[in-house]
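> After the structure tokens below, expect a handful of questions from me.
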């Protein structure tokens, strides 16, 4: 297939595909899917071998968010029956993180709901970062606290944070349909603040909110331009009690095409399968490891994930290996650019994969189906069965008296 040969060659050279090529990946048929995975898998192995990086979420403050992001169970007006609690103390957060680290995670992601941190909140998180790092040599810590004010990224860096997450979530053109209490530009600004402070930027997207293929390509190209080191790909978990509860638009095949497109556009960047993989990829999760080199271990912010041991068994059975704390995640040309756990490649070489992200939340516009009704992929996605049985609210781990699922 000429398209895949072209994309493979470009990925091995860190060269940006054309938008038409990226769109063509999303429009491939089910008969072509394994060929798509094989080609993108070669790009993944070129830059990351067979390593899988494990990340672990700690929800420092759950629910009661004043923002109205339609995808989020913690949003203003959410009727989702999630855990609600205020800030965990540093020792509580450190204890929660220890479970994930014992399971093989090398990065802890500290997340808090809300528009953005106050200076006092930054002090709390700084104390938590210190507690985790004092007890766990070599651990990476990423903060995800929402929109940053001037100077806050620098304070987090000085406290020992390695990275900052703030997702773009969807395209600029459709962002206002998803969130009205802040703007797409606000998110871009926070990613840029993290970059400027010397933090490794982590920014990604949410698929499955009713967006078109063009929207998906728009957000991934925007991410590449922002040049984050890590791009989490979330698949919408349609929580009952949120505005997008009825948006069951994804099939396992659709998810694999999206991951492959992200890998082709961002060949040498850590692509992380994030929220919703168990709900939408289901038994196809092992195939996704050929596209992404990073996953979350165990539970998510407000929903339960696959058991940690099942994650480890899946990685081993698929012929991959867990990335050790002594290994550098990114390829040498990126890792040496900024040092530490992440870096940014020379934009002139076509390597970057930028983004904007925001808040402690794990994500439409018209669809391409209108212009091309014969496209089978959209028909398949529209016919996807609502698997509400796979959406489980988290009742264990951080903020509870029960052991975490790690």
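The values are calculated or read from the model by the stated rules, or taken from the named source; none is laboratory data. For clarity, every value in this text was computed on a predicted model and none was experimentally measured. Neighbour counts are summed over all protein chains in view; Cβ atoms, including those assigned to glycine, are modelled from backbone coordinates with ideal geometry.
> List pairs: first in segment 47-66 and on the phi > 0 side of the Ramachandran plot and at pLDDT below 90, second part of a strand (DSSP E or B) and surrounded by 23 or more Cβ atoms within 10 Å (Cβ to Cβ), Cβ under 6 Å, 6+ apart or cross-chain?
Pairs that qualify, where the first residue is on the phi > 0 side of the Ramachandran plot and at pLDDT below 90 and the partner is part of a strand (DSSP E or B) and surrounded by 23 or more Cβ atoms within 10 Å (Cβ to Cβ): there are none.
> In this structure, is residue 221 under 18 Å from the mean Cα position of the chain (by Cα) and either in a helix (DSSP H, G or I) or at pLDDT below 95 (or both)?
Numbers: under 18 Å from the mean Cα position of the chain (by Cα): yes; either in a helix (DSSP H, G or I) or at pLDDT below 95 (or both): yes.
Here the answer is yes, as residue 221 does meet what is asked.
Every residue, every condition in (1) assigned to a helix (DSSP H, G or I); (2) surrounded by fewer than 24 Cβ atoms within 10 Å (Cβ to Cβ); (3) out of contact with any helix residue (DSSP H, G or I) (no Cβ under 9 Å at 6 or more places or on another chain), yes or no:
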{"site": "164", "(1), (2), (3)": "no, no, no"}
{"site": "174", "(1), (2), (3)": "yes, yes, no"}
{"site": "181", "(1), (2), (3)": "no, yes, yes"}
{"site": "185", "(1), (2), (3)": "yes, yes, no"}
{"site": "193", "(1), (2), (3)": "yes, yes, no"}
{"site": "210", "(1), (2), (3)": "no, yes, no"}
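> So residue 359 fits all but one of (1) buried (at least 16 other Cβ atoms within 10 Å of the Cβ); (2) assigned to a loop (DSSP other than H, G, I, E, B); (3) more than 21 Å from the chain's Cα centre (by Cα); (4) modelled with pLDDT under 50; what number is the exception?
Against the list (1) buried (at least 16 other Cβ atoms within 10 Å of the Cβ); (2) assigned to a loop (DSSP other than H, G, I, E, B); (3) more than 21 Å from the chain's Cα centre (by Cα); (4) modelled with pLDDT under 50, residue 359 comes up short only on (3).
> Counting just the residues of segment 301-319 that are surrounded by fewer than 21 Cβ atoms within 10 Å (Cβ to Cβ), under 20 Å from the mean Cα position of the chain (by Cα) and in a loop (DSSP other than H, G, I, E, B), which one comes out modelled with the lowest pLDDT?
Among residues in segment 301-319 that are surrounded by fewer than 21 Cβ atoms within 10 Å (Cβ to Cβ), under 20 Å from the mean Cα position of the chain (by Cα) and in a loop (DSSP other than H, G, I, E, B), the one modelled with the lowest pLDDT is 304.
> For residue 93, all conditions in the list (1) buried (at least 24 other Cβ atoms within 10 Å of the Cβ); (2) within 18 Å of the chain's Cα centre (by Cα); (3) over 28 Å from residue 286 (Cβ atoms) hold save one; what is the number of the exception?
All conditions pass for residue 93, except number (2).
> Determine, yes or no, whether residue 287 is part of a helix (DSSP H, G or I), out of contact with any strand residue (DSSP E or B) (no Cβ under 9 Å at 6 or more places or on another chain) and within 17 Å of residue 37 (Cβ to Cβ). Break it down stepwise before answering.
Values: part of a helix (DSSP H, G or I): yes; out of contact with any strand residue (DSSP E or B) (no Cβ under 9 Å at 6 or more places or on another chain): yes; within 17 Å of residue 37 (Cβ to Cβ): yes.
When the stated conditions are applied, residue 287 passes them.
> Hey, another quick one. Being assigned to a loop (DSSP other than H, G, I, E, B) and surrounded by 14 or more Cβ atoms within 10 Å (Cβ to Cβ) is the filter here, so list the residues in segment 320-331 that pass it. Let's see the steps before the verdict.
Applying the first criterion (assigned to a loop (DSSP other than H, G, I, E, B)) to segment 320-331 yields 320, 323-331.
Those that are assigned to a loop (DSSP other than H, G, I, E, B) and surrounded by 14 or more Cβ atoms within 10 Å (Cβ to Cβ): 320, 323, 325, 328, 329, 330, 331.
> Assess whether residue 227 counts as being within 30 Å of residue 21 (Cα to Cα), under 17 Å from the mean Cα position of the chain (by Cα), at pLDDT 95 or above and surrounded by fewer than 23 Cβ atoms within 10 Å (Cβ to Cβ).
Numbers: within 30 Å of residue 21 (Cα to Cα): yes; under 17 Å from the mean Cα position of the chain (by Cα): yes; at pLDDT 95 or above: yes; surrounded by fewer than 23 Cβ atoms within 10 Å (Cβ to Cβ): no.
For residue 227, the condition - within 30 Å of residue 21 (Cα to Cα), under 17 Å from the mean Cα position of the chain (by Cα), at pLDDT 95 or above and surrounded by fewer than 23 Cβ atoms within 10 Å (Cβ to Cβ) - is not met.
> Please determine whether any residue of segment 45-63 is assigned to a loop (DSSP other than H, G, I, E, B), under 27 Å from residue 301 (Cα atoms) and in contact with a strand residue (DSSP E or B) (Cβ under 9 Å, 6 or more places away or on another chain).
Within segment 45-63, the subset assigned to a loop (DSSP other than H, G, I, E, B) is 49-50, 63.
With the extra rule that they be under 27 Å from residue 301 (Cα atoms), the set shrinks to 63.
Filter once more, keeping what is in contact with a strand residue (DSSP E or B) (Cβ under 9 Å, 6 or more places away or on another chain): 63.
Yes: one or more hits.
> Filter segment 274-287 for residues that are touching a helix residue (DSSP H, G or I) at 6+ places or on another chain (Cβ under 7 Å) and farther than 12 Å from residue 236 by Cα and give the result. Before the answer, list the steps.
From segment 274-287, those touching a helix residue (DSSP H, G or I) at 6+ places or on another chain (Cβ under 7 Å) are 277-282, 284-287; that's our starting set.
Once the filter is applied, which keeps residues that are touching a helix residue (DSSP H, G or I) at 6+ places or on another chain (Cβ under 7 Å) and farther than 12 Å from residue 236 by Cα, segment 274-287 yields 282, 284, 285, 286, 287.
> Same structure again: For residues in segment 139-157 being outside any helix (DSSP H, G or I) and more than 22 Å from the chain's Cα centre (by Cα), which is surrounded by the fewest Cβ atoms within 10 Å (Cβ to Cβ)? Can you show your working first?
Step one: of segment 139-157, the residues outside any helix (DSSP H, G or I) are 139-151.
Imposing the further condition that a residue be more than 22 Å from the chain's Cα centre (by Cα) reduces the set to 149-151.
Details: 149: 13, 150: 7, 151: 12.
Checking each candidate, the answer is 150.
> Identify all residues within segment 111-138 that are closer than 28 Å to residue 181 by Cα and not in a loop (DSSP other than H, G, I, E, B); write none if there are none. Break it down stepwise before answering.
First, pick out the residues of segment 111-138 that are closer than 28 Å to residue 181 by Cα: 111-126.
Matches in segment 111-138: 111, 112, 119, 120, 121, 122, 123, 124, 125, 126.
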